[in-house]
Amino acid sequence: MASQITTGKDVLSYCTKCKLNLSHTIVAMKDAKSIAKVKCNTCQSLHAYKDPSVSSAGKTRTKKVSGLTPKTSTKIVNISDLWMEKLNKTTSKSQPYGIDQKYKEGDVIDHSKFGPGIVQNVKAQTIEVVFRHDIKTLVHNKAL
Ligand SMILES: [Zn+2]
């Protein structure tokens with residue numbers, strides 16, 4: 001065997017601080033074949049030896065779904081579905097949103113920030129609008 005593992009030798013280990021597989025110096029051995037402690041050649045931190053081949057293969061996979069889970073998942077109604085249904089039903093042309101405009105139920109407004117939305121629940125001064133990701137109460141019919 002060419003390379004023997006023993007204290008003072010370099011070995012590839014997963015560094016818990018750098019979060020990378022890096023070259024480490026063996027500081028202590030458990031027995032003749034297994035490494036107990038290593039020192040990271042990059043950040044100089046001492047930690048238990050972590051075999052780079054088994055380190056984080058499973059860990060990195062579970063994390064990537066986070067961005068896809070909608071925040072509104074706890075609500076009973078799926079807003080996106082409701083929005084789509086309402087948008088398909090309505091025959092109104094979309095109009096830009098302005099607080100001085102007066103809207104009625106079923107109107108489609110084009111909001112600069114939230115995008116297209118369908119008016120429901122009209123009150124004297126406010127309208128409830130279904131947007132793709134949220135239902136918002138907006139002001140309308142306001143005298144400027
Ligand atoms: Zn390190």
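Tabulated data for the structure shown
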read-out	value
Förster radius 41 Å - calculated FRET efficiency between ASN21 and ASP110, Cβ distance, rounded to 0.05	0.20
Long pairs among LYS17/LYS39; LYS9/LYS30; LYS89/LYS142, criterion Cα-Cα beyond 21 Å	LYS89/LYS142
Under 17 Å from the Cα of LYS104 - aspartates and glutamates, other chains or at least 8 residues apart	GLU128
Sequence-distant residues sharing a close amide H with GLN101 (under 5 Å, placed H)	ASN141, LYS142
Potential lengthening between ALA124 and ALA48 on full extension [0.36 nm per residue; Cα-Cα distance subtracted]	20.6 nm
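Here, each number is a calculation from the coordinates, and none is a lab measurement. Remember, it's a predicted structure, so these values are computed and weren't measured experimentally. All Cβ positions, glycine included, derive from the backbone under ideal geometry; neighbour counts span all protein chains shown.
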